[in-house]
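Below is one structure, written out as structure tokens, with a few remarks after it.
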Amino acid sequence: MYAIPQKWYKEYGVRKYGAHGTSHQFVANEYARLTNKDISKLKIVTCHIGNGASLCAVEYGRCKDTSMGLTPLEGIPMGTRSGNIDPTVVSYICEKEGKSAKEVVNELNKKCGYLGVSGISNDSRDLNEAANNGNKDAMLALTIQEKRIADYIGSYYVYLEGIDAIVFTAGIGENASEMRERVCNRLKVLGVDIDLKLNADRGHPFRISTPNSKIDVWVIPTNEELVIARDTVKLLNI
Ligand code: AMP
């Protein structure tokens, strides 16, 4: 529940719903399966970083917290979404640009994140290329997102009272090794230690942490279609 009047919560259903549940569920269970561990004993932070992006604190196989909210706008910055901002920005931009709240919220969904900060693209490949060529706004867009990812992992570490594993997934999480490296560097204080050679891999599930790392860090390709198919079979009882 957000810290809002009970009426909004009870009558209007204003609360955190989250998103990407199929993906978080799949990679958390895959991590347990691949490492031969019991999911009911694990605390895992799953990082679904694609054009849409969210993190999930998975405690003993269940979601205890997640970064998206009433809508997918909440949480970390994404391809075109701002992620968390002070809600006052909405009324301020309405006044400045003579727009409705709906129009500004639409821009927070479609014109912000990578696209808004870099002014180049919502695609992480374009931003990486531009950043490698010295474009400061492209690097800034990446840095803001990486800082927020590390912030969420830090807060989930406190909330879950420690974490056993971090799993990266989705288009960026699975492929952007530079992003994983920079996020993990921000997590050194938690004892995260990654092997840059392992981190350069792609295309299948792999560990990127060293044996010294206090938290196991993996990259696991997601498979939302498989979870949907399995859930359908379960619902149909076949
Ligand atoms: P998704 O929403 O999970 O399909 O992820 C889309 C995002 O993944 C886009 O920003 C792509 O640029 C990014 N992506 C896909 N392949 C790569 C890659 N090889 N390196 C970096 N980012 C990638």
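The values are calculated or read from the model by the stated rules, or taken from the named source; none is laboratory data. Just so you know, these numbers come straight off a predicted model, no measurement behind them. So basically every Cβ, Gly included, is an ideal-geometry build from the backbone, and we count neighbours across all protein chains shown. For the accessible areas, the whole protein counts, side chains as well, though only heavy atoms, and no ligand, DNA or RNA atoms are used. Shrake-Rupley method; radii C 1.70, N 1.55, O 1.52, S 1.80 Å.
Brief remarks on what is shown
- Taken together, Val192, Val217, Val183, Val158 contain a single residue that is open to solvent by 70 Å² or more (accessible area, probe 1.4 Å) and at pLDDT 95 or above, which is Val158.
- Whichever residue in region 1-39 is of a type in the set (Ser, Thr, Tyr) and under 29 Å from Pro221 (Cα atoms) and, among such residues, is nearest to the chain's Cα centre (by Cα): Ser23
- Across region 58-93, the number of residues qualifying as closer than 21 Å to Ser23 by Cα, touching a helix residue (DSSP H, G or I) at 6+ places or on another chain (Cβ under 7 Å) and free of Cβ contacts under 8 Å to residues at least 40 places away in the same chain comes to 5.
- Residues in region 102-114 include none that are in contact with a helix residue (DSSP H, G or I) (Cβ under 9 Å, 6 or more places away or on another chain) and not in a helix (DSSP H, G or I).
- Look at region 162-178: where a residue is aromatic (Phe, Trp, Tyr) and a partner is more than 16 Å from the ligand (Cβ to nearest atom), sitting 6+ places away or on another chain with Cβ atoms under 8 Å, you get Phe168/Val217; Phe168/Trp218.
- Complete set of residues in region 158-199 that are in a helix (DSSP H, G or I), more than 11 Å from the ligand (Cβ to nearest atom) and touching a helix residue (DSSP H, G or I) at 6+ places or on another chain (Cβ under 7 Å): Glu181, Arg182, Val183, Arg186, Leu190, Leu196, Asn199
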